[in-house]
1. Grab the beta carbon distance between Leu177 and Glu121, set R0 = 25 Å, and tell me the FRET efficiency rounded to 0.05.
2. Filter the GluC sites (Glu not before Pro) in the stretch 14-49 to those in DSSP coil with at most 11 other Cβ atoms within 10 Å of their Cβ, and list the result.
3. Nearest 500 deg cm²/dmol is fine: what mean residue ellipticity at 222 nm does the chain get from its DSSP H runs of n ≥ 4 alone, each adding -39,500 (n - 2.57), divided by its residue count?
4. Ranked by Cβ crowding within 10 angstrom, fewest neighbours first, how are Ser23, Ser51 ordered?
5. Quick check: Cα centre of the stretch 91-109 to Cα centre of the stretch 148-180, how many Å?
6. Once both labels are modelled 7 Å past Cα along the beta-carbon direction, what's the Ile79-Ile99 spacing in nm?
7. Treating only the Cβ of Lys, Arg, Asp and Glu as charged (+1, +1, -1, -1), what charge dipole size does the stretch 56-99 show about its Cα centre? Round to the nearest 20 debye.
8. Once you sort the root eigenvalues of the Cα gyration tensor of the chain as a ≥ b ≥ c, which label holds: rounded (a/c under 1.5), prolate (a/b larger than b/c) or oblate (the other case)?
Amino acid sequence: MARMVILDRDGVINQDSDEYIKSADEWTPLPGALEAISRLKKAGYLVTVASNQSGIARGLFSEDELHKIHDKLRQQLAIRGTEIDGIYYCPHGPRDNCICRKPKPGLLMQIAQKFEINLAETLFVGDDIGDINAAKMANAKPVLVRTGKGEYVMQNFPEAVNVPVYDDLAHFVRETLKRR
C-alpha cells in the first residue's frame, strides 16, 4: 500500500488571506513549501491536497479561476521536477452542510477511495481546526503547521493540544523523512 501525505492548501502550501485567494496572481507559495513537496515525492510518497474553497459558493471567484490557481501550483512544481498526485476541493459554503467541507471527512474519504490508502496510516497536514477535526473524523493522523492559522489554533483550541506541530511544511517534511 502506498504512503501518502494529504495537505491543506491555503496556509500550508501557499500564503493565506482572510480575503481569500481569488486568482492565480494572488497565489504565492510559502517559503520552502514546493521544495518540501518535491522531497516527499522523491521519497516515494503520494501527495494530495484537500482544500475548502467556499469562495466559489460565495461568488468571489469561479471554478475556472480555481483551476488556474491549481495550474499555477502544478507549473511551479513541474519547474522543480515534480508533481502533485491530486487536488480535491469543496466548492460549497459553510451553510451548505455537505460531506466534503472540512471539518467533515468527505474529501479525505474521496482521496482514500481513489488511491486505495489506509487513512489510519495517512498524515493530514493542516493549519486550521477544521483540518484537525477532518483528520480525526476520517481516522487519519492530524498534523498542524504554525503557518497560516496554525498559531491561532494552538492558542485557542484545546483539541489541538496532542497534535504534532511543525513550524511549516518544510520542517514537517524534514522531520518526517528523518524518521523513515
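Taken together, the values in this text are just the output of simple stated rules run on the coordinates, not laboratory data. If you're wondering where the values come from, they're calculated on a predicted model, not measured in any experiment. Reconstructed Cβ throughout: ideal geometry from the backbone, glycine too, with neighbour counts over all protein chains shown.
1. On the way: r = 16 Å, r/R0 = 0.65.
Working from the Cβ atoms, E equals 0.95.
2. On the way: sites: Glu19, Glu26, Glu35; in loops: Glu19.
Within the stretch 14-49, the qualifying GluC sites (Glu not before Pro) (loop, at most 11 other Cβ atoms within 10 Å) are Glu19.
3. Values: 6 runs with 63 residues, N = 180.
So the helix-based figure for the chain works out to -10500 deg cm²/dmol.
4. Details: Ser23 14, Ser51 22.
If I rank by nearby Cβ atoms, fewest first, I get Ser23, Ser51.
5. 23 Å
6. Result for the modelled spin labels: 3.9 nm.
7. Values: 6 positive and 7 negative charges, 34 e Å.
In debye, rounded to 20, the stretch 56-99 gives about 160.
8. Numbers: a/c = 1.29, a/b = 1.10, b/c = 1.18.
Rounded, because the longest to shortest axis ratio a/c is under 1.5.
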